[in-house]
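Just so you know, all these numbers are worked out from the coordinates, no wet-lab data involved. Worth saying up front: this structure is predicted, and the values here are computed from it rather than measured. Cβ coordinates were reconstructed from backbone atoms using ideal geometry, including for glycine residues, and neighbour counts include every protein chain displayed.
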Amino acid sequence: MQAEEFLLVQDLVRTFAGRHRVESADLEPSARAAAQKALGELGLAELRGSSPPAATVQECALLAEEHGSQPLTTSLLGTVLLAPELLRLLGDGAAPEVGTTPTIALARDLRFPGPPGDGLVAWDCEGADRALCVAPDGTVTSAELGPAVPAADLLRGIRSVPPGSPAATVGRLGPEQLTHWQAYALVLLSSELVGAARSFVRQSVEYARERRQYGRSIGSFQAVQHLLADATVLVEAGTSATRYAAWCLDNQPPARALTAARVAKAEVNASALDAVSIGMQVFGGIAQTWEHVAHLYLRKVLLGTTTLATTADLLTTLAEPETAR
Amino acid sequence: MNDTPLDFGDPADLDDLRRRFRAWLAEHPLPERGADEPLPTFLHRWHRQLHSGGWVGLDVPQVYGGQGLSTLHQVAISDELGAGAAPGIPRIGYLAHALMEFASEEQRQRWLPRMLAGEDVWCQGFSEPGAGSDLAGMSTTATREGDHYIVNGQKLWTSYAQYSGLCLLLARTDRSAPAHTSISAFALPLDRAGVTVRPLRAANGDDEFCELFLDDVRIEESERIGAEGNGWPLAMTTVSYERNALDTGHISKYGLLVERLRRAARDRRDELPDGLRSEIGRCFVDYEVLVAHAARRTAERLAGRTAGPESSYDKLLMTRTEQRLYETALRVFPEELFGDGGNGAEGGELFGEYLYSRAASVYGGTSQIQRNIIAKQVLGLPSAR
Ligand SMILES: Cc1cc2nc3c(=O)[nH]c(=O)nc-3n(C[C@H](O)[C@H](O)[C@H](O)COP(=O)(O)OP(=O)(O)OC[C@H]3O[C@@H](n4cnc5c(N)ncnc54)[C@H](O)[C@@H]3O)c2cc1C
């Protein structure tokens, strides 16, 4: 995209996020639907829908950061950025189902799907009516959605995939495409989590400036300052890692991009969670209430750290040199 | 503030520079170190050799003996040296920046070409026994007497002073003014009467830092860098460059050790416990994040966003990477805890490097001081008083 055009789109997402952010954990189904409809009207699914894509992965990653910065129930990742990318990769070989809005399917524990036959869920499925599953061999199938699956993250919609539901084969990704797909999914999820951590840390810094105890602002206590400085460095580390990995997807071979994406997810799994935990500590008791947004951020980041790939998965893989090297 | 896409890639001419440097290096390999040759003397020879090939001061303008290229070019050379396990260019980058920014035209021409060529070796005389983190509390004085100053005081931790000809010295020129406007910077020749240099032995056995005693030392006005009372901003520029991820050749050295650990994880898959294997994975993550972070800071710099107090992020991330890396390396190679490192300091070479990694959270401003800087200067949190 042109620089000015990107700024406009980024601004659109920011305005959208400010308008549709939820203020508490008591979520209205009608508000969820309305927000998703409003997101759909921004037309962002086009960004990666065409070949070649209109937006770079780095641009999409920045938009995902923006979306992550507010507590939102909308599915930007599943329905707007991930499923369209999958269909784009499949290209003309895909047999798209006209009139449907797919999201993506993950294993029941939210990792990348395992071999066929293992249970699946539809992830980040607000507004979706199908789920695309990428099997370890690259085969892509489309499944129907069952009832909602309650989970720790109150914002992100998850639905079951009925075990008996007939799965239609949509197409098949080649090895490089599969690598690209995994890297892309890891980077965009990491970006959303880093956006959440950055925003929550910023809110806790503002709170530290305003809240007074012992006749002074709590942000003047060095113990609090060092917590917030550490949280800031963690957010910066996650930001550098995700943006670099996104750039690799735009400019480097898929294998290199996958390594960078795994690094980014491993960093963010640790740093986003630590940063949010620090932010909560700085808020004190107020952040422990149902009404406060803190737990919405915490829930999202916590479940996000186990989504697609856990820290243990990633560190074990990254511990050894890439075989190709 | 808007975050916009950045180009993390190398500019096209860097590839060419790297190729030319590798070719040069193949013809001018690292010299043999003499049996009794102290490391700094050996490194000094290496510095001169690199300079003779035109590989020092790439980012310094040609009038001052450099090549007039960009920081990126110098970083690429550091990178190549680190990746080839060769010692880096002596760390003069931040001193050169301080001189370029604060010295007079005449002084820049006098000192910079000789600094780059290795004809003058400089050290940094900032810290004192009573002024470490609280650098502004220094008590060394430079009292004006007509066209010169008389300096009295003591400096501490002055790295490699025993091998240096000149010292970038901070001293108080005004005892009544507030600290930050009363400190001045000087270029002090260490062979001047009244200067005593006493080396201190570091925990890893190396002779790195020194004590510097200054008794009625005469410094000429022409040896003062910048205006009187302008030493503080010079000092801050120096340390902020020193913290910057870009200006140090460490990163690619970490990369070599990380790859060594990853090969061990592969070759000793059944022997190393899972916990240690994931710790190796974590070291690789730290290293790659640091590479990504340095690339982002370079790209931001090229996009016109300059290095400010954010260089404290770099320092903390480098410290995290280095300290975890050496801790893990000793657990993967426990045999390094035994033997003699060669300087009578007990323990293998890796153990010596491990000990040095402990200093990463102290030199260039401690980790606590970096956090103070982030809290106050980046986050704008209020002061205690
Ligand atoms: C290997 C090495 C090389 C060095 N080379 C040089 C050199 O070439 N030239 C030079 O001038 N100096 C050099 N130094 C000195 C270095 O800059 C100082 O050691 C450093 O600034 C810390 O000062 P200090 O040792 O006096 O510790 P102190 O300042 O006494 O600190 C002791 C402890 O108190 C903490 N502390 C102090 N103040 C605060 C505060 N406000 N808030 C929170 N915590 C605080 C510190 O973080 C630290 O943990 C070198 C040091 C080392 C280790």
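If you model chain B as an ellipsoid using its alpha carbon gyration tensor, with each semi-axis the square root of five times an eigenvalue, the axes come out at 35, 24, 24 Å, biggest first.
Along the Cα-to-C-beta direction of B:THR4, a point sits 7 Å from the Cα; which residues of segment A:2-43 have their amide N less than 12 Å from that point? Of the residues in segment A:2-43, A:2-8 have backbone N under 12 Å from the label point off B:THR4.
The mean number of partner chain beta-carbon atoms within 10 angstrom of a residue's beta-carbon across peptide B:289-301 is 5. In units of the compact-protein estimate 2.2 N^0.38 Å, segment A:254-293 shows a Cα radius of gyration of 1.72. Applied to segment B:228-244, the Karplus parametrisation 6.51 cos²θ - 1.76 cosθ + 1.60 on θ = phi - 60° returns per-residue 3J(HN,Hα) values of 5, x, 9, x, 5, x, 4, 4, 5, 4, 4, 5, 6, 5, 5, 7, 5 Hz, with x for Gly and Pro. Within a straight-line Cα-Cα reach of under 17 Å, A:LYS300 can be paired with the following aspartates and glutamates, leaving aside sequence neighbours fewer than 8 residues apart in one chain: A:GLU23, A:ASP26, A:GLU65, A:GLU66, A:ASP109, A:ASP124, A:GLU126, A:ASP153, A:GLU192, A:GLU267, A:ASP274, A:GLU291. Simple rule: put +1 on each Lys or Arg Cβ and -1 on each Asp or Glu Cβ in segment B:163-215, find the dipole, and look at B:SER176, B:PHE209, B:GLY165; the Cα lying farthest toward the positive end is B:SER176.
Projected onto its three principal axes, the C-alpha set of segment B:85-161 covers 40, 34, 20 Å, listed from the longest axis down.
In plain terms, the chain from A:ALA31 to A:ASP92 could stretch by 18.3 nm, reckoned as 0.36 nm per residue minus the Cα-Cα distance.
The Stokes-Einstein estimate for segment A:29-79, based on a Kirkwood radius over Cα pairs and taken at 10 °C with 1.306 mPa s viscosity, is a diffusion coefficient of 135 µm²/s. Placing a pseudo-label 7 Å from each Cα along the Cα-to-Cβ vector at B:LEU302 and A:GLU176 gives an inter-label distance of 2.4 nm.
Note on segment B:1-56 and segment B:269-300: Cα centroid distance 24 Å, given to the nearest whole angstrom.
Computed per residue of chain A from DSSP H runs no shorter than four, each worth -39500 (n - 2.57), the mean residue ellipticity at 222 nm is -17500 deg cm²/dmol. Treating r as the C-beta distance of A:HIS292 and B:SER176 and R0 as 56 Å, the FRET efficiency rounds to 0.60. Directionally averaged projected area (segment B:290-385, Cα convex hull): 8.6 nm².
3J(HN,Hα) along segment A:253-258, derived from phi through the Karplus expression 6.51 cos²θ - 1.76 cosθ + 1.60 where θ = phi - 60°, amounts to x, x, 5, 5, 5, 5 Hz, with x in place of Gly and Pro. Seen from B:ARG110, the other residues with C-beta closer than 15 Å to its C-beta sum to a net charge of -4, counting Lys and Arg as +1 and Asp and Glu as -1. If you wrap the tightest convex hull around every Cα atom of segment B:227-308 and split its volume per residue, you get 111 Å³. Less than 5 angstrom separates the built amide H of A:GLU126 from those of A:SER75, A:GLY157, all sequence-distant by 5 or more or on a different chain. Entry for segment A:1-64 at q = 0.21 Å⁻¹: log10 I(q)/I(0) = -0.90, Debye formula applied to identical alpha-carbon scatterers, no solvent contribution. Residues of segment B:110-148 with an amide N closer than 19 Å to a point placed 7 Å from the Cα of B:VAL63 along the Cα-to-Cβ direction: B:110-117. Residues in segment B:294-304 carry Karplus couplings, in order, of 5, 5, 5, 5, 4, 4, 5, 5, 5, 7, x Hz; the curve used is 6.51 cos²θ - 1.76 cosθ + 1.60 with θ = phi - 60°, and Gly or Pro positions show x. Selection among A:PRO113, B:THR298, A:VAL224 by position relative to the dipole of the protein assembly as shown gives A:VAL224 as farthest towards the positive end (Cβ unit charges, Cα centre). Calculated on the Cα set of segment B:132-209, radius of gyration then Dmax: 13.8, 45 Å.
For segment A:217-268, dividing the convex hull volume of the Cα atoms by the residue count gives 58 Å³ per residue.
Convex hull volume per residue, computed on the Cα atoms of the protein assembly as shown, equals 173 Å³.
With Cα atoms as the point set, the radius of gyration and Dmax of segment A:102-210 evaluate to 16.6, 56 Å.
Which residue, A:SER191, A:SER271, A:SER240, tops the fluctuation ranking in a GNM of chain A built on C-alpha contacts under 10 Å? Comparing A:SER191, A:SER271, A:SER240 in the GNM, the peak value goes to A:SER240.
The longest stretch of chain B left intact once loop-based GluC sites (Glu not before Pro) with at most 14 other Cβ atoms within 10 Å are removed from consideration, loops following DSSP, is B:120-270. Sparse packing (at most 11 other Cβ atoms within 10 Å of the Cβ) combined with a DSSP loop state is found for none of the chymotrypsin sites (Phe, Trp or Tyr not before Pro) in segment B:1-95. Secondary structure note: in chain A, about 80% of the DSSP beta bridges are antiparallel. Note that segment B:13-163 carries a Kirkwood radius of 17.5 Å, evaluated over its alpha carbons pair by pair. Taken as Cα centroids, segment A:49-94 and segment A:259-293 sit 24 Å apart, rounded to the nearest whole angstrom.
Evaluated with a Cβ-only charge set (Lys, Arg +1; Asp, Glu -1), segment B:85-133 carries a dipole of roughly 140 debye about its Cα centre, given to the nearest 20. Rg and Dmax of chain A, both derived from C-alpha coordinates alone, stand at 19.5, 68 Å. Taking 13 Å as the cut-off, the amide N atoms of segment B:199-224 that come nearer than this to a point 7 Å along the Cα-to-beta-carbon line of B:GLU346 belong to B:204-205.
Annotation: amide H-H contacts under 5 Å for B:SER159 (H modelled 1.01 Å from N, sequence separation of 5 or more, or interchain): B:GLN124, B:CYS210. Just need the Rg to Rh number for segment A:224-325, please, alpha carbons only, Kirkwood Rh. Rg/Rh for segment A:224-325 comes to 1.06. For A:VAL22, the shell of other residues with beta-carbons less than 13 Å away shows a net charge of 0, using +1 for Lys and Arg and -1 for Asp and Glu. Taking Lys and Arg as +1 and Asp and Glu as -1, the other residues whose beta-carbon sits under 14 Å from that of B:PRO129 total -1.
Put a plus charge on the Cβ of each Lys and Arg, a minus charge on the Cβ of each Asp and Glu, and nothing anywhere else: the dipole of segment A:103-200 about its Cα centre is then about 60 debye.
Placing +1 on the Cβ of every Lys and Arg and -1 on the Cβ of every Asp and Glu, with no other charges, gives segment B:20-67 a dipole of roughly 140 debye about its Cα centre.
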